[in-house]
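Below: one structure, written as structure tokens.
The values are calculated or read from the model by the stated rules, or taken from the named source; none is laboratory data. Quick caveat, the model's predicted, so the values are computed rather than measured. FYI the Cβ positions are ideal-geometry reconstructions off the backbone, even for glycines, and counts take in every protein chain you see. What goes into the accessible areas is simple: the full protein's heavy atoms, side chains included, and nothing from ligands, DNA or RNA. Shrake-Rupley method; radii C 1.70, N 1.55, O 1.52, S 1.80 Å.
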Amino acid sequence: MGWRTVDRWIRGAALACALLATGFATGCTAQRPADSPPATQPRSVPSAQAPGGDAGAQAGTEAAYRKWGIKPLAAPPAPPATKPTGRPATGGRLPVISEIPTNMKIVFLTFDDGAEKDPKFVTMMRELKIPFTMFLTDSVIRSDYGYFTKLQQLGDGVQNHTLTHPNLRTLGAAAQKHEICGQQEKLKARYGTAPRLFRPPYGNWNENTRAAAASCGLQAIVLWRESMQIQNMQYQRADHKLHPGDIILAHFRGPSELKGTTMTRMTANLLRHIQEQGFAVARLEDYL
């Protein structure tokens, strides 16, 4: 445990004691106009994992993990004051990122496409409070845009994965720009914020992709180090282990694509791999 974490633990415990002593705590929620797009609020650290969390909240979160057949994950550290990765495009050359530079045992979850819209997945992520980032494709989310609003309202980021999921290497510059900029406009209109991050379908990109994404206002191309299948992860490195800062790819997929396995069971398998290797899950947008 680093000195920053210890310091945060001490300050959190002191605050908790002060509140218990006074018997006073307050909270407020701003109301959003009904016709306004939802604003994304970053998730807070689950109380069961946060230093100084009260016993009742801890018991509730531990019960949620038991419900989904998972042991509680380690708590992520506080977001850095300065992001270790993220810089504006220079000459159309966006950074292409597969991991975040850090020595902390954290990884980042991303879910692609949006074909599966399992309501139990919303319940699962609400109860477990696991942060993740969505890279969405319009052709598969348009049947139910509202499903992803529910996930966005949990604090999960909405990012760009093109209009129709083509192999961008097979398209010219103008067609690539249409796919990327067109999805920027749709996602901003539907979810209230223009994405900052772009993931090319299949991980295929070229310099035209970089230039198109930069012209659409995106700030980085995000790839991955591991990809989740049904029960196991595929690793790019020979040691077949997670490394600090790795970005993990999963998909919105259901039984028809997962050989009868539900999305929630696939996600539980994914989280189990992370927990067994002693990693926490942090929010990608806090670091990039």
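What the table below lists for this structure:
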read-out: Where E179 falls short, out of the listed (1) closer than 14 Å to T137 by Cα; (2) out of contact with any Ser or Thr (no Cβ under 7 Å at 6 or more places or on another chain); value: (2)
read-out: All positions within the stretch 182-210 that are touching a helix residue (DSSP H, G or I) at 6+ places or on another chain (Cβ under 7 Å), open to solvent by 20 Å² or more (accessible area, probe 1.4 Å) and either without any contact (Cβ under 8 Å) to a residue 12 or more places away in the chain or in a helix (DSSP H, G or I) (or both); value: K186, R190, N208
read-out: Qualifying residues in the stretch 243-262 (those that are small (G, A, S) and surrounded by 20 or more Cβ atoms within 10 Å (Cβ to Cβ)) - the one nearest to the chain's Cα centre (by Cα); value: A250
read-out: Qualifying residue in the stretch 149-161 (condition: open to solvent by 10 Å² or more (accessible area, probe 1.4 Å) and part of a helix (DSSP H, G or I)); value: yes
read-out: Those residues of the stretch 162-181 which are aliphatic (A, V, I, L, M) and either in a helix (DSSP H, G or I) or within 14 Å of R210 (Cα to Cα) (or both), in sequence order; value: L168, L171, A173, A174, A175, I180
read-out: Failed condition for R265, given (1) under 22 Å from M125 (Cα atoms); (2) open to solvent by 30 Å² or more (accessible area, probe 1.4 Å); (3) part of a loop (DSSP other than H, G, I, E, B); value: (3)
read-out: Among residues of the stretch 103-148, those that are part of a loop (DSSP other than H, G, I, E, B) and either small (G, A, S) or open to solvent by 10 Å² or more (accessible area, probe 1.4 Å) (or both), counted; value: 10
read-out: Residue that is more than 30 Å from Q277 (Cα to Cα), small (G, A, S) and touching a residue at least 40 places away in the same chain (Cβ under 8 Å), where the choices are A214, A173, A115; value: A214
read-out: Residue in the stretch 223-236 that is among the aromatic types (F, W, Y), under 22 Å from P80 (Cα atoms), at pLDDT 95 or above and touching a Ser or Thr at 6+ places or on another chain (Cβ under 8 Å) present; value: yes
read-out: Check on I274, closer than 20 Å to L154 by Cβ and in a helix (DSSP H, G or I); value: yes
read-out: Some residue of the stretch 164-171 being modelled with pLDDT of 95 or more, open to solvent by less than 20 Å² (accessible area, probe 1.4 Å) and among the hydrophobic types (A, V, I, L, M, F, W, C); value: yes
read-out: Subset of the stretch 211-231 [β-branched (V, I, T) and touching a helix residue (DSSP H, G or I) at 6+ places or on another chain (Cβ under 7 Å)]; value: I221, I230
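Table: residues versus (1) under 23 Å from I141 (Cβ atoms); (2) out of contact with any helix residue (DSSP H, G or I) (no Cβ under 8 Å at 6 or more places or on another chain).
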| position | (1), (2) |
| --- | --- |
| M233 | no, no |
| Q236 | no, yes |
| D239 | no, yes |
| H243 | no, yes |
| I247 | yes, no |
| S256 | yes, yes |
| T262 | yes, no |
